[in-house]
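The values are calculated or read from the model by the stated rules, or taken from the named source; none is laboratory data. Treat the numbers as computed from the prediction; the structure is a model and nothing was measured. A quick note on method: Cβ atoms are made from the backbone with ideal geometry, for glycine too, and the neighbour counts reach across all protein chains shown. Please note that ligands, DNA and RNA were not included when accessible areas were found on the heavy atoms of the full protein model with its side chains. Shrake-Rupley method; radii C 1.70, N 1.55, O 1.52, S 1.80 Å.
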Amino acid sequence: MATVTEKMVGEYVPGLAGVPATRSNISYVDGQTGLLEYRGISIEQLAEHSSFLETTYLLVFGHLPTHTELKTFTEEVQSHRQVKFRIRDMIKSFPESGHPMDALQSCVAALGMFYPLGTQKVTDESYIREATVRLLAKLPTMVAMFHRMRHGDDPILPRDDLDHSANFLYMLTGKEPSPEAARVFDVCLILHAEHTVNASTFCSLVTASTLADPYTVITAAIGTLSGPLHGGANEEVVAMLRKIGSPEKARSFLEKRLMKKEKIMGLGHRVYKIKDPRATVLQTLAMQLFEKYGHSDLYDVALAIEEHAQELLGHKEVYPNVDFYSGIVYDKMGIVEDLFAPVFAISRVAGWLAHWREQLGENRIFRPTQIYTGQREMPYVSLDERE
Ligand code: COA
């Protein structure tokens, strides 16, 4: 029997680096020049002029909404923010020490049971819209709910008079955030909303291609995002900056880590070969927060790491990515480190949903091949005869 070889199926590319997995018109990234566009609009413009919900509409439905479209969409999202009391009961039974990303993943999986497809088809535009609105609206509520309940606090009901970001921060802390803090957070959500075929988005495409329901699609994507090489990186960046402690210690920390061939969290990117444009916008946001709430020592350590890394890793085209500065911004806003990844999820859900919808428009189930490297035609050895 013939074995499938690289010669027959093409060269194996670890991590599928550079291999096109789909056709998409959702976002465009140029890693050489440091450019990121959503539906053709640069993230710098969106960060300056748009809101997270408007950007989500753009990503999912393909155009910037009119006044009426945005108003209707915003009202739909607001009206779906609450979760069933059974979800609340379920969260109450989660271990307090559990990671909030695991809690979020479990909650989203459970949502699917409350909103079954029924007579609709997963490809129906009305169903896609309904599920998009539900997921966008409920993820922040569930993240905030778990966070409060793990500390023995009662969950806080969403407030209809607050926008998406202000409402999340309010549900988390019980305090209405300042307009500046809410705006900075909203821009963070815009920056993290979409980024072509990254690992979690690829996972959502694969799951979508089986025609699984969107709650399953987003559950799978959340699990993929949770890894330290993906959405878990900003949590580790802040832990690393705290461990380094001062800018003077940055160089020796870097040298020691690199000598041991360890990765520096928040640096490097599969696509960007220069500094991630989102990291630059995040630095501006950090400055805005520092002006209002005071400076962050972590930022000074981060700047020192960036400076020394340029010298030590620049030749490998390794520069700060989006996670390098986002944790510092969240930290300044009082968001605890293990919530960074769930915050990433309540933003990236926009991109996952956009890709889910796009995948359904021209679907074929994913079924790549492999290069088999194992043995062939082996005899079965009975248990007694094995050594
Ligand atoms: N620290 C130190 N060296 C790094 C590095 C980092 N963060 N990222 C990449 N490199 C080095 C690699 O060791 C490799 O060196 P080598 O050629 O001597 O072996 C070279 O740069 C190429 O990197 P590679 O591992 O091929 O990049 P990748 O595209 O497979 O991985 C990441 C991309 C993001 C997974 C990787 O840069 C990383 O692990 N970064 C830290 C985690 C992180 O911040 N993730 C969030 C991404 S948004």
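Below is a table of values for the structure above.
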read-out: Which listed residue, of 143, 133, is under 18 Å from the mean Cα position of the chain (by Cα), β-branched (Val, Ile, Thr) and closer than 24 Å to residue 340 by Cβ; value: 143
read-out: In segment 20-69, the residues that are touching a strand residue (DSSP E or B) at 6+ places or on another chain (Cβ under 9 Å), under 15 Å from residue 198 (Cα atoms), of a type in the set (Ser, Thr, Tyr) and assigned to a loop (DSSP other than H, G, I, E, B); value: none
read-out: Where residue 146 falls short, out of the listed (1) in contact with an Asp or Glu (Cβ under 8 Å, 6 or more places away or on another chain); (2) within 21 Å of residue 88 (Cα to Cα); value: (1)
read-out: Residues located in segment 78-92, provided they are assigned to a loop (DSSP other than H, G, I, E, B) and open to solvent by 40 Å² or more (accessible area, probe 1.4 Å); value: 80, 82, 84
read-out: In segment 222-243, the residues that are in contact (Cβ under 8 Å) with a residue 40 or more places away in the chain and closer than 15 Å to residue 349 by Cβ; value: 222, 223, 225, 226, 231
read-out: Qualifying helices (runs of 4 or more DSSP H) (wholly inside segment 287-372; at least 1 residues being over 18 Å from residue 236 (Cβ atoms) and within 16 Å of the ligand (Cβ to nearest atom)); value: 297-313, 340-361
read-out: Near pairs, Cβ below 8 angstrom, 6+ apart or cross-chain, from segment 10-31 (under 16 Å from residue 351 (Cα atoms)) to any residue that is open to solvent by 100 Å² or more (accessible area, probe 1.4 Å) and not aliphatic (A, V, I, L, M); value: 23/362
read-out: Residue in segment 270-286 that is in a helix (DSSP H, G or I), away from the ligand (no atom under 13 Å from the Cβ) and over 18 Å from residue 36 (Cβ atoms) present; value: yes
read-out: Only listed residue being among the aliphatic types (A, V, I, L, M), under 28 Å from residue 270 (Cβ atoms) and open to solvent by 80 Å² or more (accessible area, probe 1.4 Å), chosen from 16, 46; value: 16
read-out: Enumeration of residues in segment 93-148 that are among the aliphatic types (A, V, I, L, M), part of a loop (DSSP other than H, G, I, E, B) and surrounded by fewer than 16 Cβ atoms within 10 Å (Cβ to Cβ); value: 117
read-out: Selected residue (only one of 54, 75 is of a type in the set (Asp, Glu) and open to solvent by 60 Å² or more (accessible area, probe 1.4 Å)); value: 75
read-out: Residue match in segment 296-311 (condition: within 30 Å of residue 128 (Cα to Cα) and of a type in the set (A, V, I, L, M)); value: no
read-out: Total residues in segment 149-185, condition in contact with a His (Cβ under 9 Å, 6 or more places away or on another chain) and crowded, with 24+ Cβ neighbours inside 10 Å; value: 0
read-out: Unique match (being touching an Asp or Glu at 6+ places or on another chain (Cβ under 9 Å) and open to solvent by less than 80 Å² (accessible area, probe 1.4 Å)) among 274, 305; value: 274
